[in-house]
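I have placed the structure first, in the form of structure tokens, so that the comments after it can refer back to it.
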Amino acid sequence: MRTNSQLSNKVVRGLSKILGQEFVAFWLEQAGSTHSADRCLAEVVRIDRETADAVSLWLRPNALFKGFEAGQHVNLSITIDGVVHTRSYSFSNAPTESGLVRLTIKQTPSGLVSRHVVNNMEVGTVVEVGDVFGDMTLSHTQPNLHTERPTMLLLAAGSGITPMISLIETLEAQGWPTDVTLMSWARNPEDMLFDATLKAKTNEHFKYVRLLESGANLAEGDLAGRPNAEQFEAVAGALDNTDVYACGPDGFMTALRGILGDAPKSFHAESFTPMALSIDENAEVKTFTVTLTKSNRILEVSNNKPLLKALQEQGINPPHGCGMGICNTCSCEKLTGTTQNMQNKSVCGTNNTALRLCINAAQGPVSLDL
């Protein structure tokens, strides 16, 4: 049986063929509709205030949304003062039969989108939901979950709790097929996202430990200080049979890798702030040709500049979002050539691979599917 949403989308596609896609899309947008022939639009149906500087958006996507798995993130496009901005956020709920999805967004001082969402977003707003990404999922990391009963240690700092709450809700819905410990870092108790919810979930299979700044108002069971080996020893003990999942700012992730090393059975991570682009000031600056096969253009670009920036400087503006290597909006196919990731310095000479333009520079002649 077809749903009303599926029928409506069929009508939209039919009208688009008759009246033109741009015409139909314009009037649907004016009416605040999420129906579209080719765009995954979603209506904000509820906004929950989580902390003083964080909110959860509950979205109802249209029929073009293909779903997600706990632990994944998605590109979210929001129009602010007539300009579309795209950012990547983790889902903070388990997949539900209702089809609603939750994105929990914490305001950052320099974050244009996060500040708008936390302070100005309204119920009824229509946003665009893009591609879903991420391999920190149970299907990918725990293929034998229901036969092996693994031990999982979840580590989160700040809004890095969002994919963890999604994983926790999913495991809870499955009857806790694993033993889970969550260690969550924040400055103060008031900054701890989902604190009451997590406390209520505590049981013989789920342990929740808060880690706060030294000098914060500690409660019984809380630990203080930045991540250190003593905390892990006290909470989780030996990690040789433990699968570790981590999410947080890049500095937090770097600290974890230094502390944990090869001790865990496995280590799965998502970082929501990028590593800085690394430019070797002493390296020889060279220029290489970049061929854009779709637009039939050949350009000269520098080897010390991200391809996205180099293209924009020459009047070419490919689709892009965060500009920091997180959201994948600028990803396109590299047909041939060698490029270097300016965050981790890795070099890729493989042809016909996905390339994020915002963090990769040409290291020789390159051809792109643009």
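The values are calculated or read from the model by the stated rules, or taken from the named source; none is laboratory data. On a predicted model such as this, the values are computed, not experimentally measured, just so you know. Cβ placement follows ideal geometry from the backbone for every residue including glycine, while neighbour counts extend to all protein chains displayed. Side chains included, ligands, DNA and RNA excluded: accessible areas come from the protein's heavy atoms. Shrake-Rupley method; radii C 1.70, N 1.55, O 1.52, S 1.80 Å.
Evaluated at q = 0.13 Å⁻¹, the base-10 log of the normalised Debye intensity for the range 147-278, with identical point scatterers placed on the Cα atoms, takes the values -0.51.
Here the gap between V123 and I47, fully extended at 0.36 nm per residue and compared with their Cα-Cα distance, gives a gain of 26.7 nm.
So with the 1.4 Å probe, I'd like the accessible area per residue for the range 125-282, rounded to whole Å². Please list the in-between numbers first.
Numbers: 7510 Å² over 158 residues.
On a per-residue basis, the range 125-282 sits at 48 Å².
Distance between the modelled labels on S302 and V235, one decimal in nanometres: 4.4 nm (7 Å Cα→Cβ projection).
Please compute the alpha carbon radius of gyration of the range 315-364, then divide it by the globular-protein estimate 2.2 N^0.38 Å. Two decimals is fine.
Numbers: Rg = 10.5 Å, N = 50, 2.2 N^0.38 = 9.7 Å.
In units of the globular-protein estimate, the range 315-364 measures up at 1.08.
With Cα atoms as the point set, the radius of gyration and Dmax of the range 85-162 evaluate to 15.7, 47 Å. Which entries of K106/K294; K66/K345; K201/K265; K106/K309; K265/K334; K106/K199 have Cα-Cα distances beyond 32 Å here? Pairs exceeding the cut-off: K106/K294; K66/K345; K265/K334. Evaluating kT/(6 pi eta Rh) at 25 °C and 0.890 mPa s, with the Kirkwood radius of the range 45-201 over Cα pairs in the Stokes-Einstein relation, gives 149 µm² s⁻¹. Computed from backbone phi, the HN-Hα couplings of the range 63-80 come to 5, 7, 6, 9, x, 8, 10, 4, x, 9, 10, 9, 7, 10, 10, 10, 8, 10 Hz, rounded to whole numbers (Karplus: 6.51 cos²θ - 1.76 cosθ + 1.60, θ = phi - 60°; Gly and Pro given as x). The phi torsions of the range 220-230, fed into the Karplus equation with coefficients 6.51, -1.76 and 1.60 and a -60° offset, translate into couplings of 4, x, 6, 10, 10, x, 5, x, 8, 4, 5 Hz, rounded to whole numbers, with Gly and Pro shown as x. With the alpha-carbon atoms of the chain aligned to their principal axes, the span from lowest to highest coordinate is 63, 59, 42 Å, starting with the largest.
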